[in-house]
Amino acid sequence: MSELYWLKRPIAHRGLHDAERGICENSVSAVKAAMRKGLAVEVDIQRAGGDMPVVFHDATLDRLTHETGPVAARDIESLRALSLKHGGDKILSLPDLLEIVSDAVPLLLDVKTNGSGHGTFEANIANILAGYHGPVAVMSFDPYSVSAFREHAPALPRGLVSCRFNDTASKTHLSMTQRFAMRHLLTSVFARPHFVAYDIRALPAVAPLLAKFVAGLPLLAWTVRTEAELDRALRYADAPIFEEIVP
């Protein structure tokens, strides 16, 4: 897709955040800090009550706010009233985010589904993005979520996020067959991604390099945090999704 030219430039992971300086990840301050440098911005989209999208990484509020419990148990308005730790910015809804960015820099939305409920959540995201005219793409670890975007917004650029899936959470929630299929991007058969985002720690790897050099899909490397990882990302991928350093 020609409109994905911007995926070949560095992308700020959860914005330019820095907890020690009072800038929380996925916050308005982090997004604006990236915008001031003209950087593309990646943020996480979590499911709030009613299958509505909110800019937040975790499935629970505990780590990043002074509240506890599942994000999905709160509606959008109650979440927007909550302050984030490390600076006190409020949680953003997806429309809030789009209004702030307002086409100024590209947006990459990492959609968190927690492995359940595909369809309504993605449709709600797609409906909100339908009125947005700036460069934007969605991506997810969940191939069924990526497939749902293919159904609800076929022209919306969509990406498949992958890694080795050898961590404890993956081994707990995914079968060996599922992990093998997702690691090797075999789920692309039905997800039909326009690009791939692969764990920098797993690069080089056959599947993402085939996607890049044979299928012609842009390849992003996440999350790049050191100069050595940046060198590897520039060698094997089209662009880094970075934090802690600024390429």
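With respect to residue 69, is the statement that it is touching a strand residue (DSSP E or B) at 6+ places or on another chain (Cβ under 8 Å), farther than 22 Å from residue 141 by Cα and at pLDDT below 95 true? Walk me through how you get there before you give the answer.
On the way: touching a strand residue (DSSP E or B) at 6+ places or on another chain (Cβ under 8 Å): yes; farther than 22 Å from residue 141 by Cα: yes; at pLDDT below 95: no.
No, not satisfied.
When segment 166-191 is limited to residues that are among the hydrophobic types (A, V, I, L, M, F, W, C) and either in a strand (DSSP E or B) or at pLDDT below 95 (or both), the one that is nearest to the chain's Cα centre (by Cα) turns out to be 169.
If you filter segment 114-133 down to residues that are of a type in the set (Gly, Ala, Ser) and modelled with pLDDT of 95 or more, you find that the one that is nearest to the chain's Cα centre (by Cα) is 126.
Provide a single number: the residues in segment 3-22 that are within 16 Å of residue 107 (Cα to Cα) and either among the small types (Gly, Ala, Ser) or surrounded by fewer than 17 Cβ atoms within 10 Å (Cβ to Cβ) (or both).
Step one: filter segment 3-22 for residues within 16 Å of residue 107 (Cα to Cα), giving 3-17.
The next check asks that each one be either among the small types (Gly, Ala, Ser) or surrounded by fewer than 17 Cβ atoms within 10 Å (Cβ to Cβ) (or both); those that pass are 3, 5, 8-9, 12, 15.
Total satisfying the criteria: 6.
Just to be sure, is residue 244 under 30 Å from residue 23 (Cβ atoms), part of a loop (DSSP other than H, G, I, E, B) and acidic (Asp, Glu)? Taking the combined requirement at face value, the residue satisfies it.
For segment 43-51, check the following and say yes or no: at least one residue is of a type outside the set (Phe, Trp, Tyr), free of Cβ contacts under 8 Å to residues at least 12 places away in the same chain and on the phi > 0 side of the Ramachandran plot. Give the steps one after another, and end with the answer.
Restricting attention to segment 43-51, the residues satisfying the condition of being of a type outside the set (Phe, Trp, Tyr) are 43-51.
Filter once more, so that each one left must be free of Cβ contacts under 8 Å to residues at least 12 places away in the same chain: none.
For segment 43-51, residues of a type outside the set (Phe, Trp, Tyr), free of Cβ contacts under 8 Å to residues at least 12 places away in the same chain and on the phi > 0 side of the Ramachandran plot: absent.
Every condition in (1) in contact with a Ser or Thr (Cβ under 9 Å, 6 or more places away or on another chain); (2) more than 18 Å from residue 86 (Cβ to Cβ); (3) surrounded by fewer than 19 Cβ atoms within 10 Å (Cβ to Cβ) is met by residue 47 except one, and the failing one is (3). Any chance segment 181-188 includes a residue that's within 17 Å of residue 115 (Cα to Cα) and touching a residue at least 60 places away in the same chain (Cβ under 8 Å)? Within segment 181-188, none of the residues are within 17 Å of residue 115 (Cα to Cα) and touching a residue at least 60 places away in the same chain (Cβ under 8 Å). Only a single item in (1) over 24 Å from residue 241 (Cβ atoms); (2) modelled with pLDDT under 95; (3) surrounded by 17 or more Cβ atoms within 10 Å (Cβ to Cβ) is not met by residue 74, and it is number (2). A single member of 138, 146, 105 is assigned to a loop (DSSP other than H, G, I, E, B) and either touching a Lys or Arg at 6+ places or on another chain (Cβ under 6 Å) or at pLDDT 95 or above (or both), and it is 105.
Every residue in segment 96-113 that is aliphatic (A, V, I, L, M), touching a residue at least 40 places away in the same chain (Cβ under 8 Å) and touching a Gly at 6+ places or on another chain (Cβ under 9 Å), please. Step through it out loud before you land on a result.
The first filter runs over segment 96-113 and keeps only residues aliphatic (A, V, I, L, M), leaving 97-98, 100-101, 104-105, 107-109, 111.
Pick out the ones that are also touching a residue at least 40 places away in the same chain (Cβ under 8 Å) and you get 97, 100-101, 104-105, 107-109, 111.
Listed by number, the residues that qualify are 101, 104, 105, 107, 108.
Between 160, 220, 185, the distinction of being on the phi > 0 side of the Ramachandran plot and buried (at least 23 other Cβ atoms within 10 Å of the Cβ) belongs to 185 only. Could you please let me know if residue 171 is of a type in the set (Lys, Arg), farther than 30 Å from residue 16 by Cβ and either crowded, with 16+ Cβ neighbours inside 10 Å or without any contact (Cβ under 8 Å) to a residue 60 or more places away in the chain (or both)? Considered against the rule, which asks whether it is of a type in the set (Lys, Arg), farther than 30 Å from residue 16 by Cβ and either crowded, with 16+ Cβ neighbours inside 10 Å or without any contact (Cβ under 8 Å) to a residue 60 or more places away in the chain (or both), residue 171 comes out as yes.
Taking the stated definitions as given, is residue 150 in contact with a Phe, Trp or Tyr (Cβ under 8 Å, 6 or more places away or on another chain) and surrounded by 14 or more Cβ atoms within 10 Å (Cβ to Cβ)?
Spelling it out, it is not the case that residue 150 is in contact with a Phe, Trp or Tyr (Cβ under 8 Å, 6 or more places away or on another chain) and surrounded by 14 or more Cβ atoms within 10 Å (Cβ to Cβ).
Test residue 233 against the criterion of being over 25 Å from residue 122 (Cα atoms) and touching a Pro at 6+ places or on another chain (Cβ under 9 Å), and give yes or no. Yes; evaluated as a whole, the condition is true for this residue.
The values are calculated or read from the model by the stated rules, or taken from the named source; none is laboratory data. Nothing here was measured: the structure is a model prediction, and the numbers come from that model. Note that each Cβ is placed from the backbone with ideal geometry, even for glycine, and that neighbours are counted across all protein chains shown.
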